[in-house]
Amino acid sequence: MAKKIFLPPKEFAKKAHIKSYSEYKKLYNESVKSPEKFWARYASELHWFKKWNRVFSYTKKPFCKWFEGGKTNITYNCLDRHVLTARKNKAAIIWQGEPEEDVMIYTYERLHRDVCRFANVLKKHGVKKGDRVCIYMPMVPGLAIAMLACARIGAIHSIVFGGFSAKALQKRLIDSEAKVLITADASIRKGGFVPLKDAADEALKGCKTVKSVIVYQRGKNPVKMKRGRDSWWHEEMAAPDITDICKPAIMDAESPLFILYTSGTTGTPKGELHTTGGYMTYVYLTTKWVFDLKEEDTYWCTADIGWITGHSYIVYGPLLNGATSIMFEGVPTYPGPDRFWQIVDKYNINIFYTAPTVVRSLEREGPKWVKMHDLSSLRLLGSVGEPINPKAWLWYHKMIGEDKCPIVDTWWQTEAGGIVITPLPGATPLKPGSATLPFPGIVPDVFLENGKKAKPNQEGYLVIKKPWPGIARTVWKNPKRYIDTYFSKYKNIYLTGDGARCDKDGYYWITGRLDDVMKVSGHRIGTAEVESGFVSHKLVSEAAVVPFPHPIKEQAICAFITLKRGAKESEELKQELRSHIAKEIGPIAKPDRLYFTDALPKTRSGKIMRRILKAIAEGKSDVGDTSTLADPEVVGRIIKIVKAKA
Ligand code: WT7
């Protein structure tokens with residue numbers, strides 16, 4: 001059966017930044033043949049205090065540099081540049097709180113002022129260029145203000161998702177040696193308070209570098225303030241010596257902008273380091289072309305700023321383009337499963353960017369929730385975080401996009417800085433389920449184990465053969481890990497960790513992670529991280545964690561646990577272990593399934609064979625070769641346990 005291809009609607013294409021497939025092709029070819037000329041052109045659309053000497057240098061492979069010698073400040077480009085024009089009074093960020101009546105509108109001018117003021121607060125606390133500032137906040141305006149304030153003075157922000165636990169925060173505080181922590185009294189979730197400051201206090205117990213804690217008031221939740229260390233955001237901002245003026249720090253193009261931790265194949269998360277000039281240029285251009293942003297658009301990306309999607313496509317990308325970006329504090333299903341559609345209706349959203357897991361879960365709620373609202377303002381839809389299956393794609397296209405909105409299925413990663421494989425909505429014919437084609441400047445390929453190119457439609461490792469301006473420059477304090485993780489399997493070629501196939505039209509079909517990384521409701525979680533969480537419990541001897549397919553979450557977590565001698569298996573202990581993981585990492589890492597077993601399948605050298613456990617969790621009848629196991633009998637026993645619980 002011929003699968004349907006969706007062409008860009010004519011009206012859309014006519015007005016789009018990139019209007020046709022041939023225009024895309026031309027730009028793409030140029031970007032590969034003359035990358036320096038290509039990137040210089042778009043970097044020049046931004047403001048530089050001093051122009052670069054070289055667009056691209058790659059003398060110490062695999063470490064690349066972009067716009068060397070250039071001097072800029074990303075907040076000058078996000079704020080000052082617009083304040084000098086008619087955009088001054090335009091909404092930069094519209095903040096919608098979880099309670100419907102909680103709304104704040106930040107014009108470019110007001111955002112500029114608050115960012116400058118908070119930058120002055122940071123300076124008062126002794127924050128200097130290159131210092132790390134950790135931000136552990138809910139989705140409140142202060143989060144965007146805090147990150148921009150860091151960038152204003154050249155401090156490196158390290159945002160930790162507000163859903164992470166105290167333990168997870170502590171690891172990141174210690175690794176980044178943060179000087180200041182910015183947090184909130186509480187976050188609001190489904191009408192209740194989550195005590196964020198308590199978690200921050202807990203995390204700070206083991207962390208010596210943090211000298212000041214600034215607390216944003218969200219919940220009026222009673223908190224303990226530690227004298228000499230803690231202060232309130234609103235009091236700091238209102239202090240008489242804090243002015244509205246803070247000159248932007250003059251930053252080198254390769255000065256660090258932020259660290260963002262992400263999960264890998266070991267228990268310790270990696271601090272991906274992004275720098276200034278290349279990241280800025282890359283998110284500026286991807287936002288403009290992928291979302292086809294226009295002056296009058298209202299744009300909404302539903303991610304949390306604690307993830308890279310929020311960094312690049314709620315804050316930096318939209319502001320670099322002078323757009324109006326919605327920031328939403330709540331969840332898709334509270335107070336009802338129509339919350340997202342109600343917000344689209346309320347603000348006349350034109351561009352809506354979300355994750356497949358959201359699409360699938362809202363599809364399940366039934367069409368009545370969608371039909372309650374007028375979604376006719378929408379002109380473009382986006383998807384990110386995991387593969388979107390064709391069924392969900394078609395529902396999204398028909399029900400939400402009313403058959404008129406192109407869908408941009410954007411493939412990228414924390415490491416990438418910005419969108420890497422994607423349609424351009426006015427140019428690319430869409431195949432539901434495919435992230436389609438590389439963004440200009442990106443040279444992807446699919447390699448087999450031996451480093452040879454895969455044939456059309458043959459699955460292999462997705463790689464990227466040339467550096468692009470947005471790529472993370474290193475792993476914080478660990479350049480060796482950068483090389484080992486990304487550039488060693490195929491020398492100096494970027495290994496994404498994903499599997500993919502490329503069809504005869506050059507379209508990429510992402511098949512999911514090939515390493516020990518899971519994607520649970522779009523969240524990236526390492527199996528090793530969850531395992532080390534389990535074994536830190538006093539009754540656990542060993543743990544093995546694998547993903548299994550889940551209709552809404554894409555993947556869910558399955559854990560196999562062996563207990564210490566004398567510990568008793570019970571339902572209560574299962575619950576306790578699940579909450580233990582929530583404490584160690586965060587609620588997103590709680591396993592859906594948890595089995596006690598007397599042993600795990602191991603090789604004679606003691607290596608746990610997760611491949612076998614994965615096959616069992618997936619319910620496969622054939623678990624593959626078990627001949628290298630020290631005790632093949634274990635497999636039968638585990639299958640029995642899993643079947644008994646099914
Ligand atoms: C992993 C990166 C980058 C934004 C959010 C996630 C998966 C991401 C897609 C997509 C298929 C996707 C990959 C990737 N992924 N987007 N459109 N289609 N898979 O960033 O947390 O660093 O996760 O998300 O597996 O490696 P992240």
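The values are calculated or read from the model by the stated rules, or taken from the named source; none is laboratory data. These numbers were taken from a predicted model, which means no experiment stands behind them. A quick note on method: Cβ atoms are made from the backbone with ideal geometry, for glycine too, and the neighbour counts reach across all protein chains shown. Keep in mind that these areas ignore ligands, DNA and RNA; they rest on the heavy atoms of the full protein, side chains included. Shrake-Rupley method; radii C 1.70, N 1.55, O 1.52, S 1.80 Å.
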*Quick one: Cα convex hull volume of segment 150-291, Å³ per residue?*
172
*Set the Förster radius R0 to 60 Å, insert the Cβ-Cβ distance between LYS26 and GLN575 as r into 1/(1 + (r/R0)^6), and round the FRET efficiency to 0.05.*
0.55
_All aspartates and glutamates inside 13 Å of LYS65 as judged from Cα atoms, apart from same-chain residues fewer than 8 positions distant_ = GLU36, ASP252, GLU254
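Around ALA119, with a cut-off of 11 angstrom between Cβ atoms, what is the net charge of the other residues, counting Lys and Arg +1 and Asp and Glu -1?
+4
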*Segments 183-195, 97-109 sorted - mean Cβ within 10 Å per residue, highest first*: 183-195, 97-109
_Let me see the P(r) profile for segment 15-163: every Cα-Cα distance counted, bins of 10 Å, each bin given as a percent of all pairs._
10, 26, 31, 25, 7, 0
*Using the heavy atoms of the protein chains alone and a 1.4 angstrom probe, what is the accessible area of segment 420-577 per residue in square angstrom?*
38
_Ranked by how many other beta carbons lie within 10 Å on average, peptides 313-322, 19-28, 167-176 from highest_ = 313-322, 167-176, 19-28
*Projected-area average for segment 123-193 over all orientations - Cα convex hull basis, square nanometres*: 4.8
_Residue (of ILE612, ILE639, ALA582) at the positive-pole extreme of segment 579-646, dipole from beta-carbon charges_ = ALA582
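Considering only DSSP beta bridges where both residues belong to segment 68-193, give the percentage that are antiparallel (nearest 5).
45
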*May I ask you to derive the FRET efficiency for ARG611 and TRP232 from their Cβ-Cβ distance with R0 = 41 Å, giving the value to the nearest 0.05?*
0.20
*Would you mind working out the magnitude of the charge dipole of the chain relative to its Cα centre, with +1 at each Lys and Arg C-beta and -1 at each Asp and Glu C-beta, to the nearest 20 Debye?*
1460
*asked:* Antiparallel versus total DSSP beta bridges in the chain: what percent is that, nearest 5?
replied: 60
_Compute the orientation-averaged projected area for segment 114-156 from the convex hull of its Cα atoms and round it to one decimal in nm²._
2.6
*asked:* Taking amide H atoms as placed 1.01 Å from N in the peptide plane, list the residues 5 or more away in sequence, or in a different chain, whose amide H sits under 5 Å from that of VAL408.
replied: LEU381, GLY382, SER383
*Sort all Cα-Cα distances of the chain into consecutive 20 angstrom bins from zero, then give the percent of pairs in each bin up to the one containing the longest distance.*
19, 54, 26, 1
_Listed residues TRP468, GLY499, TYR482: farthest to the positive end of the dipole of segment 459-506 (Cβ charges)_ = TYR482
*When the accessible area of the chain is computed with all protein chains present and a 1.4 Å probe, what percentage of it is carbon and sulfur?*
54
_Straight-line reach only, C-alpha to C-alpha below 22 angstrom: list the lysines that LYS574 could link to, leaving out same-chain residues fewer than 8 apart._
LYS167, LYS538, LYS553, LYS564, LYS583, LYS590, LYS614, LYS640, LYS643, LYS645
_Percent of Cα pairs exceeding the 21 Å cut-off, where the set is segment 287-414_ = 33
_Cut-off under 5 Å, modelled amide H: who pairs with GLY426 long-range_ = ILE18
*Could you pull out which residues in segment 278-299 have an amide N less than 20 Å from a spot 7 Å beyond the Cα of GLU109, following the Cα-Cβ vector?*
296
_Cβ-placed point charges (K, R +1; D, E -1), dipole of segment 409-465 about Cα centre in debye, nearest 20_ = 220
*Of MET147, TYR216, ILE174, farthest towards positive along the dipole that unit charges on Lys, Arg, Asp, Glu beta carbons give segment 146-247*: ILE174
_Translational diffusion of segment 236-354, µm² s⁻¹ [Kirkwood Rh, Cα pairs; Stokes-Einstein; 37 °C; 0.692 mPa s]_ = 197
_Gained length - ASN457 relative to LYS51, 0.36 nm times residue gap less alpha-carbon distance_ = 141.8 nm
*asked:* Rounded, prolate or oblate, given the Cα gyration tensor of segment 470-540, with a/c below 1.5 counting as rounded?
replied: oblate
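Kindly state, to the nearest 0.05, the FRET efficiency for ASP631 paired with ASP503, given R0 = 45 Å and r defined as their beta-carbon distance.
With R0 = 45 Å, the Cβ-Cβ based efficiency is 0.55.
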*How large is Rg over Rh for segment 329-383, taking Rg from the Cα atoms and Rh as the Kirkwood inverse mean of 1/r across Cα pairs?*
0.92
*Size of the dipole of segment 75-222 about the Cα centre, Lys and Arg at +1 and Asp and Glu at -1 on the beta carbon, nothing else charged, in debye to 20?*
580
*asked:* Ranking request for peptides 87-93, 71-77: highest mean number of other beta-carbon atoms within 10 Å first, then the rest in descending order.
replied: 71-77, 87-93
_Between LYS465 and PHE487, what is the label-point separation in nm under the 7 Å Cα-to-beta-carbon projection?_
1.8
